[in-house]
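The values are calculated or read from the model by the stated rules, or taken from the named source; none is laboratory data. As the structure is a computational prediction, the values presented were derived from the model and not from experiment. Positions of Cβ are generated from backbone atoms using ideal geometry, with glycine treated the same way; all protein chains shown enter the neighbour counts. Only protein heavy atoms, including side chains, enter the accessible area calculation; ligands, DNA and RNA are left aside. Shrake-Rupley method; radii C 1.70, N 1.55, O 1.52, S 1.80 Å.
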Amino acid sequence: METKTQFKFFIVDDDFFCANLYNQYLTNMDYNDVTLFANGIDCIDNLHLKPDIIFLDHNMEDITGFEVLKKIKRYNPNIYVVMVSGQENIKTAVDALKFGAFDYVIKGNDVNEKMTAIITKIIAVKEQLKKVCPGLIKRLLSIF
């Protein structure tokens with residue numbers, strides 16, 4: 001039987017309902033290492049916990065998702081950050097990707113399916129990186 005790749009997730013959203021919905025969905029998918037943050041500052045302060053994937057709300061009160069994204073990428077560019085937003089603005093999506101987001105998801109009824117597709121994509125990218133550059137990955141990880 002194939003073992004499921006486990007990830008450490010951060011969910012950063014000031015909307016308590018959305019954050020808990022994403023948490024429940026990940027738990028139902030057998031991902032158990034999920035930490036919720038109600039604001040970007042708490043997320044940044046806990047990056048030392050080494051998350052693999054961060055689902056980051058774009059529009060938060062204390063600090064914008066873009067600001068948090070930039071700080072995450074400065075801290076560790078290898079963290080997969082997925083920007084989640086209620087905005088269907090193409091400029092916002094392009095800017096998120098430009099600042100280093102792995103993907104951009106619009107909040108809606110199908111967000112759970114999109115989360116599954118993104119996690120599958122991340123697993124595929126990680127597998128390809130292992131195949132293409134196995135020595136490079138080990139050298140890079142030894143630096144940290």
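If the segment from residue 27 to residue 46 were pulled out straight at 0.36 nm per residue, it would be longer than the present Cα-Cα gap by 4.8 nm. For the residues 18, 43, a 1.4 Å probe over the protein chains yields an accessible-area ranking, largest first, of 18, 43.
Do any GluC sites (Glu not before Pro) in region 1-76 lie in a loop, going by DSSP, with at most 14 other beta-carbon atoms within 10 Å of their beta carbon, and if so which?
On the way: sites: 2, 61, 67; in loops: 2, 61.
In loop regions of region 1-76 (DSSP not H, G, I, E or B), the sparsely surrounded GluC sites (Glu not before Pro) are 2, 61.
Which percent of the accessible area of the chain is formed by carbon and sulfur heavy atoms (probe 1.4 angstrom)? The partial results should precede the final answer.
Values: 4780 of 8500 Å².
Ligands and nucleic acids excluded, carbon and sulfur reach 56 percent.
For the chain, what is the calculated [θ] at 222 nm in deg cm²/dmol (nearest 500), taking -39500 (n - 2.57) for each run of four or more DSSP H residues and dividing by its residue count? Let's see the in-between values first.
On the way: 6 runs with 71 residues, N = 144.
Calculated at 222 nm, the ellipticity per residue is -15000 deg cm²/dmol.
In this structure the chain gives 59 Å² per residue of accessible area when probed at 1.4 Å with all protein chains present.
With equal scatterers on the alpha carbons only and no solvent term, can you work out the Debye log10 of I(q)/I(0) for region 1-96 at 0.16, 0.21, 0.22, 0.25 1/Å? The Debye formula, applied to the Cα set alone, gives -0.64, -1.06, -1.14, -1.39.
So, with +1 on the Cβ of K and R and -1 on the Cβ of D and E, and no other charges, what is the size of the charge dipole of region 15-144 about its Cα centre, to the nearest 20 debye?
On the way: 15 positive and 16 negative charges, 184 e Å.
Dipole about the Cα centre, nearest 20: 880 debye.
For labels at residue 90 and residue 76 in the simple 7 Å Cα→Cβ model, what's the distance in nm? Label at residue 90, label at residue 76, 3.5 nm between them.
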